[in-house]
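Inspection log for the structure reproduced underneath, given as structure tokens.
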Amino acid sequence: MDFCDFLLIDNTSQSESMRPLLQEWLHFSSSPNIYAIVSNNPKNCDIYAPEINWYLKNSKAPLEIKAQNLKRMYFSRMSRYEYGSDKDFYTKVSPTLLIIGKNSEAKEFLDFVQNYEKISYEVGLIDPKNILSISGNLGAFEAKIKIGEEMGKISFAQAVIFYEDDDLTRFMGIEKASEFEDEKALLEKLDSRIGTYEYKTTISYQSQNCQYHHRRPDKKGDGYCHKCANVCPTFGVSKNDSLMELSFSQIDCIGCGECVAVCPSGSIEYAPFNMQSFNETLKHYQNTQILLIAQSSLNELKDFEIPDHISPLILNQENFLSEAHILALLQESGSSCVYYSQNLFSSSHEAIKLINDIYHNIYQKTGFYVAKSLPELNMAIHSLEKIQTYTYSPNADEYKRKHFAERLRFAVKNKDYGQVKSGASGKLIRYGRIDVKEELCTLCMSCVGACNVESLSANSSNFTLQFNPSLCTTCGYCVDSCPEKAISLELSGISLNSTWFENQIMAQDKMFACIECGKEFATKKSIEKVKSMMTPLFGNDKAKLKTLECCADCKVKIMFEENFQTTT
């Protein structure tokens, strides 16, 4: 079988007329007998791009514009193929089913399954009160049960519950009967997983900048940042407060992407369309006006006539866009854009509002439109306008706030556009700054050691504690790490001026020289702090009091001489 990177299967005259414009990189065929990386036909390809057929059907643009947009859509898919970090996984799911419930509906469903002819299920019914715990995952669940005085275990591949338990339904493979129209619809869902169940990596994770990983718990015994686990509707992301580690279950993850949107450091990425592949894609969308659509929403726009000036960009899922993604999209395209979606989560709304507030302050324009219906989409599409172009290529290890800050710095330059607030919830999209009471700070730099995103830093050349608000994730870890209680956190949003992106001196001191040898070994404030604590304990012991102002080497020398004189 022949092979190509990009394949267009189309028997219409339209493809023939575009061939001269596309044939340098696109292979044309009338049948899917050629294997391709990206194709508009689901057969014999690594990546199926249904948006190609949708665009060809609904665009009346001139051939040159069509050719440009086809190239953008094909190369967007290729960027995801080359830079995305998703992988395929498989698990066996046997036709074993546990029905959990005690009402008449549960018993009727048991009868229905036992008489079901399409698939022969090994099925059982159990009262919820007899279940002690359920663990495992789709295809390999285990329930610990107690009936009377007898303890036991039940293994099963899937389950249906006939009562309210929002925790159990976070598992992929455990369904709540009340969420389905009838028994047939429920069984169709269960049937779809029988055999070899295929799933993909939907989120990737790097722990080095994570605001939760291996940090001390806070005063409540909780972590300082676990937004990802908080917003996850399944067991895709969960946290272990005893180990201070996040756990990820790709099989339970439904790929909604909200954990990606709320992660302040970028430690969690949407694997099929990570930030690197997103930025590579945007290189093909420079100087365009973009219509964003999730692949699952294409059918809702199956008869939508695409205006000539619109370049569609198809997303794998709806809710992974953060403020960093949105700002990158607006700056690389150089225009406002519109997102057609009926199912945006709170985190997406907060990110969109933040960006629009920024654009209103700086440009007096709306950057990012959201359309939930065709009338709204038509209105938004004709409201799009050019704003300002900026191309930026983040480093491979550059975390989200750094990337976002560099883009925002370009828009702000050396002017002052006022203040924009963080997200309304105060829990999802957060920006702010710390305040340090300099009179209390001893420059011990515990806060610098606590900060893993380089928002706080120590400058040894001038003995200062410095803070860059644009990099701060507002996790609050530095606040509780300060032994002097000198730091406070304010969720004040973003200051749209140049100082927001610069290191600011929060505290400063001079070095203290050892009274014996003259070597500088600590700050004056730290020495004064130690003296205030230890002087009452040392009383009139002149030798010990003297050591408080000595370096480590001289301290030992003085105490040795004191002990020698005492013994002689």
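The values are calculated or read from the model by the stated rules, or taken from the named source; none is laboratory data. Keep in mind the model is a prediction, meaning the values are calculated, not measured. Cβ placement follows ideal geometry from the backbone for every residue including glycine, while neighbour counts extend to all protein chains displayed.
Some points to look at:
- Residues that are of a type in the set (A, V, I, L, M) and more than 28 Å from the chain's Cα centre (by Cα) were ranked within segment 438-467; the one that is surrounded by the most Cβ atoms within 10 Å (Cβ to Cβ) is LEU465.
- Lone unmet requirement of (1) crowded, with 16+ Cβ neighbours inside 10 Å; (2) at pLDDT below 95; (3) assigned by TED's automatic domain parsing to the domain that holds PHE156 for ASP86: (3)
- Condition met for SER470 (among the polar types (S, T, N, Q), surrounded by fewer than 19 Cβ atoms within 10 Å (Cβ to Cβ) and in contact (Cβ under 8 Å) with a residue 12 or more places away in the chain): no
- HIS226, sole failed condition from (1) out of contact with any Lys or Arg (no Cβ under 9 Å at 6 or more places or on another chain); (2) without any contact (Cβ under 8 Å) to a residue 24 or more places away in the chain: (1)
- Filter result for PHE89 (among the aromatic types (Phe, Trp, Tyr) and closer than 30 Å to ALA396 by Cα): yes
- Test: residue in segment 175-191 that is at pLDDT 95 or above and assigned to a strand (DSSP E or B): yes
- Each residue in segment 231-259 was checked for being in contact with a strand residue (DSSP E or B) (Cβ under 9 Å, 6 or more places away or on another chain) and part of a helix (DSSP H, G or I), and 2 pass.
- Taking segment 7-46 as the range and being under 19 Å from ILE314 (Cβ atoms) and β-branched (Val, Ile, Thr) as the test, the residues that pass are ILE9, ILE37, VAL38.
- Among residues that are assigned by TED's automatic domain parsing to the domain that holds LYS189 and over 37 Å from the mean Cα position of the chain (by Cα), ASN103 is included.
- Of everything in segment 17-30 that is closer than 14 Å to LEU63 by Cβ and of a type in the set (S, T, N, Q), the residue that is modelled with the lowest pLDDT is SER17.
- Pair list, Cβ under 6 Å, 6 or more apart: segment 30-59 residue within 19 Å of GLU16 (Cβ to Cβ), other residue modelled with pLDDT under 95 and surrounded by fewer than 15 Cβ atoms within 10 Å (Cβ to Cβ): SER30/ASN11; PRO32/LYS43; ILE34/ASP2
- Search result, residues across segment 2-16 that are at pLDDT 85 or above and not aliphatic (A, V, I, L, M): ASP2, PHE3, CYS4, ASP5, PHE6
- Among the candidates TYR390, TYR431, TYR417, residue that is modelled with pLDDT of 95 or more, aromatic (Phe, Trp, Tyr) and under 27 Å from ARG216 (Cα atoms): TYR431
- Applying a threshold of 8 Å to beta carbon distances and a minimum spacing of six or more residues, or different chains, the list of pairs starting in segment 300-312 at a residue that is touching a residue at least 12 places away in the same chain (Cβ under 8 Å) and ending at one that is of a type in the set (Asp, Glu) reads PRO312/GLU51.
- GLY518 vs. criteria of a type in the set (Gly, Ala, Ser) and more than 49 Å from the chain's Cα centre (by Cα): yes
- Complete set of residues in segment 426-457 that are over 27 Å from GLN208 (Cβ atoms) and outside the structural domain of SER498 (by TED's automatic domain parsing): none
- Some residue of segment 101-120 being among the aromatic types (Phe, Trp, Tyr) and surrounded by fewer than 19 Cβ atoms within 10 Å (Cβ to Cβ): yes
- Exclusive hit being in contact with a Phe, Trp or Tyr (Cβ under 8 Å, 6 or more places away or on another chain) and within 25 Å of ASN356 (Cβ to Cβ), set LEU491, LEU471: LEU491
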